[in-house]
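**Student:** After the structure tokens below, expect a handful of questions from me.
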Amino acid sequence: RVHGDSALKSMPRGLVLALAVALFACAVVTWAGPIARSKITPVGATTCSAAPAKPEDRRTDKSRLVVATYNVEWLFSAPTSYPSPWKTAAEADAHVATIATFIKGMATLPDILAIEEAQDCEMLSRLAAKLPAPEYKVYLIPGTDSATGQNVGLITRVDPSESLWRTSNRYSYPIAGSKCGYTGSSSSSSVSKHLFTSFSVGGLKIALAVAHFIAFPTDASRCVQREAQASVLRSVLESSYLGQGYEVIVLGDLNDYSAAVPDVASDKPTSRTLAILTGGLVDAKNENATEATTQLFEVASLIPQKDRYTSVYDSNKFSQIDHLLVSPGLKAAIASAWIDHAAAAKAASDHWPLFVSIKTD
């Protein structure tokens, strides 16, 4: 989110920084290296990551694929040991119902909905059960954010053809040409909250990467870590999907602004997070990430600037930190893109969902 998780907002800044130091004290500086499907122990005990033997396509309109990303703000049960704001089961249930009501009221329902800040498969299932037919199924592979317990997952009418997977790779920072203003020691970062999978839709193979990056867009130490996180994701896409017969969608709460597609407040990023994801990895010879063979397209560029906000902070700070990127083949098939602002600020979440509709006939 724009200034971190809900629990962090209420903590003294000194405690927040102490937690950050503790989390990264054990980092070992490495390049991303060969892509490995994660064997690390996840935070959560449950997983619903396996693709079905016979994936189904339950879309009501097979001529379109509607994809969205939505940070639903602590989709957690209560009570819990994690710093969720919900203190009772009734509060947690009410939040699930509020999110479901908002989704059900959307003029266009998503076929594939990426969810950020989900606790586990059970909570995704509780939300999906409240959504209209045809059936939404849930998929999640637990991440490694032990501080919040948050994960990313999918609620979808199109089943994946590939089981969800993660990488435990790390990427060194600061990266060449960094303008984050970071003066600390070199280190590395992994991506604690992310998933990869792929779908077969209308004759297309579509790879999907969902991520929730570390917060605080303009904080120097977080800035360099986000550039490293973006580099981990981009390296996986280049090794596993790009140029290998797949179209690609990258989406999620990336906790950063876009330099190429300014939001409603014309916020300027200090990091190259979006540039790395869209343009390619950065090295000493390529400080601006412009030499990749496959450029990804920011669908928000199709939305008027006055409507480019997906997050609210302190009731009056509107910005776009959630993003949806697509490969060239999907860009050519885009029918429309929008952000659903039907819910009042913080009425359902402190974020709004970002959509793209892609022609698949």
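The values are calculated or read from the model by the stated rules, or taken from the named source; none is laboratory data. Given the structure is predicted, the values throughout are model-derived calculations rather than measurements. So basically every Cβ, Gly included, is an ideal-geometry build from the backbone, and we count neighbours across all protein chains shown. The protein model used for the area step is the full one, side chains on, heavy atoms only, and it has no ligands, DNA or RNA in it. Shrake-Rupley method; radii C 1.70, N 1.55, O 1.52, S 1.80 Å.
**Student:** If you go through region 315-331 one residue at a time, how many are in contact with a strand residue (DSSP E or B) (Cβ under 9 Å, 6 or more places away or on another chain) and either open to solvent by 20 Å² or more (accessible area, probe 1.4 Å) or at positive phi (or both)?
**Tutor:** Qualifying residue count for the region: 5.
**Student:** Taking Gln244 as meeting all but one of (1) farther than 30 Å from Ala147 by Cα; (2) touching a residue at least 24 places away in the same chain (Cβ under 8 Å), write down the number of the exception.
**Tutor:** (2) is the only condition that Gln244 fails.
**Student:** For Gln244, only one of the following conditions fails: (1) at pLDDT below 95; (2) open to solvent by 60 Å² or more (accessible area, probe 1.4 Å). What is its number?
**Tutor:** With respect to (1) at pLDDT below 95; (2) open to solvent by 60 Å² or more (accessible area, probe 1.4 Å), Gln244 is out only on (1).
**Student:** Out of Ser235, Ser258, which single residue is of a type in the set (S, T, N, Q), assigned to a loop (DSSP other than H, G, I, E, B) and at pLDDT 95 or above?
**Tutor:** Ser258
**Student:** Same structure again: Pairs needed: first member in region 280-303, over 17 Å from Ala259 (Cα atoms); second member anywhere, β-branched (Val, Ile, Thr) and modelled with pLDDT of 90 or more; C-beta distance under 9 Å; at least 6 residues apart or different chains.
**Tutor:** Asp283/Ile175; Ala292/Thr278; Thr294/Val248
**Student:** Which condition breaks for Ser187 when tested against (1) surrounded by fewer than 23 Cβ atoms within 10 Å (Cβ to Cβ); (2) in contact with a Lys or Arg (Cβ under 8 Å, 6 or more places away or on another chain)?
**Tutor:** (2)
**Student:** Does region 93-105 hold any residues that are touching a residue at least 12 places away in the same chain (Cβ under 8 Å), more than 13 Å from Glu117 (Cβ to Cβ) and either among the aliphatic types (A, V, I, L, M) or in a loop (DSSP other than H, G, I, E, B) (or both), and which are they?
**Tutor:** Listed by number, the residues that qualify are Ala97, Ala100, Ile103, Gly105.
**Student:** Can you tell me which residue is farthest from Lys62 (Cα to Cα) among those in region 302-314 that are open to solvent by less than 50 Å² (accessible area, probe 1.4 Å) and among the hydrophobic types (A, V, I, L, M, F, W, C)?
**Tutor:** Val312
**Student:** What's the number of the only condition in (1) in contact (Cβ under 8 Å) with a residue 12 or more places away in the chain; (2) crowded, with 20+ Cβ neighbours inside 10 Å; (3) farther than 27 Å from Pro55 by Cβ that Gly177 fails to meet?
**Tutor:** (2)
**Student:** Looking only at region 47-80, count every residue that is part of a loop (DSSP other than H, G, I, E, B) and either in contact (Cβ under 8 Å) with a residue 12 or more places away in the chain or on the phi > 0 side of the Ramachandran plot (or both) and tell me the total.
**Tutor:** Qualifying residue count for the region: 16.
**Student:** Among the numbered conditions (1) hydrophobic (A, V, I, L, M, F, W, C); (2) within 19 Å of Thr310 (Cβ to Cβ); (3) not in a strand (DSSP E or B), tell me where Ile115 comes up short.
**Tutor:** Answer for Ile115: the failing condition is (3).
**Student:** Related question: Out of all the residues in region 82-92, which are open to solvent by 10 Å² or more (accessible area, probe 1.4 Å) and either in contact (Cβ under 8 Å) with a residue 60 or more places away in the chain or aromatic (Phe, Trp, Tyr) (or both)?
**Tutor:** Tyr82, Pro83, Pro85, Trp86
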